[in-house]
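Asks: Here it is, the structure, as structure tokens.
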Amino acid sequence: MNILILGSGGREHAFAYKIKQSRLCKNLYVAPGNSGTREIATNLQIPLDQFNLVAEAIKNYKISMVIVGPEIPLVNGLKDFIASHKELKDTIVIGPNKHAAQLEGSKDFAKDFLNRHNIPTASHRTFTAKTIKAAFSYIDSMTPPYVLKADGLAAGKGVLIIDNPDEAKTELNEMLVKSKFGEASKSVVIEEFLDGIELSCFAITDGKDYKLLPSAKDYKRIGEGDTGLNTGGMGAVSPPTFLTEDFFRKVEKKVIQPTIDGLIKDNINYQGFIFFGLIKVNGEPYVIEYNVRMGDPESEVVLPRIKSDLLELLFSVSNGELSNHQIVIDDKKAATVFLVSGGYPEQYEKGKEIYGLDTISDSILFHAGAKYENGKVKTNGGRVIAVTSMGDSIKKAISKSYESINKIKFDKMNYRKDIGFDL
Ligand code: AMP
Ligand code: GLY
């Protein structure tokens, strides 16, 4: 089978790494990919917002399955676009259609879904410019901090957590009236603040049944001790050590199973990954968000722990035979540490040569913002390379990653030295 993976980050390199191991994979393509995927697959220079070019590639390269890494093509209806082409109707797309992808593409849609199916989540109300006065009263009725969320996709920047009510109202006005996040903040969800520890859980569904994938915790802040600005993710571990069996049973019973049942009840046809962004408050799980894809950097620790054939799993999803599939998870724990460009998540430089990559044997290097140029691998983004290691304990896995990092160098390289500090 010929497989096409869409995306260019560490997550997509991790997918490529696993798919490449499958006996079912003949030719592997990644669009647009990076210097890491280039080593194990053929990169195709296709911008992901040009669906007609994706369709062309599916025809030209006789692609049987498309695995969509990031959310934007799904939210914009890539699956529907492919299904609407007669010659492409047999192409398998791993990821939901446009309607179902609103679980990530619209916070209001997700909150309605959660409430309709009695899945625990922060209480909320949704407002538009027309109802801004009611929104101000709602803020006055709440205890701080105030959580304001742009309804639509805002490149991970659409959530504001504010302590002061006047500041919250000013920001709300910026979002609703002054279009701070463009279309994405035409409506805003205001919700109750939940204080707890966050974790990422994952399932895959064929629309009837589901299988659980390993869980993870990501480290989002730039600075040690979880301080400073938010990033795309500075590292991750799997499994999170605080995820006891007892708590996970609660997650499955109160969140995962009701989500799958809810999709069926609502007639929402869903084949693909579901990412549950959870927060544990007083021993109970609450849903912070749904994502309709795998996480990044979570994929860099979750996918290497799947021992069974990932492509077989994905085919069982497309056939509606997931219930017959046996997924085998490695007992080994995994950790990843992201090497980032100095200055990220604010301004940073690109094009720095990366040294030492071929000296690494104890870790897996998942390239992200890295490109191949004239025989060299160079930095090409904020998050450059995820250094993943496996071990009998999270601690051992983390130490291995740090040992590997000692052999890698680029100008202004930065990384967090405390991944897993809290476990
Ligand atoms: P989201 O885009 O919905 O995942 O929100 C981004 C981040 O904001 C989350 O990862 C949480 O750290 C935080 N957050 C979102 N909603 C809440 C909430 N209701 N209470 C506390 N923190 C939240
Ligand atoms: N690590 C969070 C995300 O992928 O959205």
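The values are calculated or read from the model by the stated rules, or taken from the named source; none is laboratory data. Values in this document were obtained by computation on a predicted structure and should not be read as measured data. Neighbour counts run over all protein chains shown; Cβ positions are idealised from the backbone, glycine included.
Asks: So, LEU212, is that one surrounded by 14 or more Cβ atoms within 10 Å (Cβ to Cβ), out of contact with any Lys or Arg (no Cβ under 8 Å at 6 or more places or on another chain) and not in a helix (DSSP H, G or I) or not?
Replies: Working: surrounded by 14 or more Cβ atoms within 10 Å (Cβ to Cβ): yes; out of contact with any Lys or Arg (no Cβ under 8 Å at 6 or more places or on another chain): yes; not in a helix (DSSP H, G or I): yes.
Criteria met by LEU212.
Asks: While we're here: Right, GLU12: among the acidic types (Asp, Glu), closer than 29 Å to LYS307 by Cβ and in contact with a Ser or Thr (Cβ under 7 Å, 6 or more places away or on another chain) or not? Full working, then the answer.
Replies: Working: among the acidic types (Asp, Glu): yes; closer than 29 Å to LYS307 by Cβ: yes; in contact with a Ser or Thr (Cβ under 7 Å, 6 or more places away or on another chain): yes.
Against the criterion (among the acidic types (Asp, Glu), closer than 29 Å to LYS307 by Cβ and in contact with a Ser or Thr (Cβ under 7 Å, 6 or more places away or on another chain)), GLU12 qualifies.
Asks: Could you say whether any residue in the stretch 76-85 is crowded, with 22+ Cβ neighbours inside 10 Å and without any contact (Cβ under 8 Å) to a residue 24 or more places away in the chain?
Replies: Yes, the conditions are met somewhere in the stretch 76-85.
Asks: Oh, and also: Give the residue, chosen from LYS149, LYS111, that is within 28 Å of the chain's Cα centre (by Cα), surrounded by 16 or more Cβ atoms within 10 Å (Cβ to Cβ), within 16 Å of ligand 2 (Cβ to nearest atom) and of a type outside the set (A, V, I, L, M, F, W, C).
Replies: Numbers: LYS111 fails: within 16 Å of ligand 2 (Cβ to nearest atom).
Residue meeting the stated conditions: LYS149.
Asks: So THR126 passes all but one of these: (1) within 19 Å of the chain's Cα centre (by Cα); (2) touching a residue at least 60 places away in the same chain (Cβ under 8 Å). Which condition number does it fail?
Replies: For THR126, the exception is condition (1).
Asks: Take the residues in the stretch 2-18 that are at negative phi and not in a helix (DSSP H, G or I), then tell me which one is farthest from ligand 1 (Cβ to nearest atom).
Replies: Just the residues of the stretch 2-18 that are at negative phi, to begin with: 2-6, 8-18.
Those left that are additionally not in a helix (DSSP H, G or I): 2-6, 8-9.
Working: ASN2: 35, ILE3: 29, LEU4: 28, ILE5: 24, LEU6: 22, SER8: 21, GLY9: 17 Å.
By that ranking, first place goes to ASN2.
Rundown of residues vs (1) polar (S, T, N, Q); (2) crowded, with 22+ Cβ neighbours inside 10 Å; (3) outside any helix (DSSP H, G or I), yes/no style:
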residue	(1), (2), (3)
GLY207	no, no, yes
ALA216	no, yes, yes
PRO240	no, yes, yes
PHE247	no, no, no
THR259	yes, yes, no
ILE264	no, no, no
ILE288	no, no, yes
MET294	no, yes, yes
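Asks: Another one. For the subset of the stretch 163-208 comprising residues that are closer than 30 Å to GLY320 by Cα and among the hydroxyl-bearing types (Ser, Thr, Tyr), which member is farthest from ligand 2 (Cβ to nearest atom)?
Replies: Applying the first criterion (closer than 30 Å to GLY320 by Cα) to the stretch 163-208 yields 199-208.
Narrowing further to those that are among the hydroxyl-bearing types (Ser, Thr, Tyr): 200, 205.
Numbers: SER200: 6, THR205: 18 Å.
This residue is THR205.
Asks: Evaluate the stretch 124-143: report whether one residue or more is more than 24 Å from GLY10 (Cα to Cα), outside any helix (DSSP H, G or I), in contact with a strand residue (DSSP E or B) (Cβ under 7 Å, 6 or more places away or on another chain) and among the β-branched types (Val, Ile, Thr).
Replies: Keep residues of the stretch 124-143 that are more than 24 Å from GLY10 (Cα to Cα), which gives 124-143.
Pick out the ones that are also outside any helix (DSSP H, G or I) and you get 124-128, 142-143.
With in contact with a strand residue (DSSP E or B) (Cβ under 7 Å, 6 or more places away or on another chain) added as a condition, the list becomes 124-128.
From what's left, among the β-branched types (Val, Ile, Thr): 126, 128.
Yes, the stretch 124-143 has at least one match.
Asks: Continuing with the same structure: Given the structure, is ILE364 touching a Gly at 6+ places or on another chain (Cβ under 8 Å) and not aromatic (Phe, Trp, Tyr)? Walk me through how you get there before you give the answer.
Replies: Working: touching a Gly at 6+ places or on another chain (Cβ under 8 Å): no; not aromatic (Phe, Trp, Tyr): yes.
So ILE364 fails the test.
Asks: With the condition being more than 17 Å from MET234 (Cα to Cα) and of a type in the set (Val, Ile, Thr), I'd like the strands (runs of 3 or more DSSP E) fully within the stretch 322-420 carrying at least 3 qualifying residues. Talk me through it step by step, then tell me what you get.
Replies: On the way: elements: 333-341, 364-367, 370-373, 376-379, 383-391.
Where strands (runs of 3 or more DSSP E) fall fully within the stretch 322-420, none carries at least 3 residues being more than 17 Å from MET234 (Cα to Cα) and of a type in the set (Val, Ile, Thr).
Asks: Considering only the stretch 190-206, I want to know if a residue exists there that is aromatic (Phe, Trp, Tyr), within 13 Å of ligand 1 (Cβ to nearest atom) and out of contact with any Lys or Arg (no Cβ under 8 Å at 6 or more places or on another chain).
Replies: Step one: filter the stretch 190-206 for residues aromatic (Phe, Trp, Tyr), giving 193, 202.
Within this subset, residues satisfying the condition of being within 13 Å of ligand 1 (Cβ to nearest atom) are 193.
Filter again for out of contact with any Lys or Arg (no Cβ under 8 Å at 6 or more places or on another chain), leaving 193.
Yes, the stretch 190-206 has at least one match.
Asks: Pick out the one residue from GLY356, GLY369 that is under 23 Å from the mean Cα position of the chain (by Cα) and under 27 Å from VAL302 (Cα atoms). Let's see the steps before the verdict.
Replies: Working: GLY356 fails: under 23 Å from the mean Cα position of the chain (by Cα).
Unique residue meeting the criteria: GLY369.
Asks: Suppose the filter is surrounded by fewer than 20 Cβ atoms within 10 Å (Cβ to Cβ), at pLDDT 95 or above and of a type in the set (Gly, Ala, Ser); does SER35 pass it?
Replies: On the way: surrounded by fewer than 20 Cβ atoms within 10 Å (Cβ to Cβ): no; at pLDDT 95 or above: yes; of a type in the set (Gly, Ala, Ser): yes.
No; evaluated as a whole, the condition is false for this residue.
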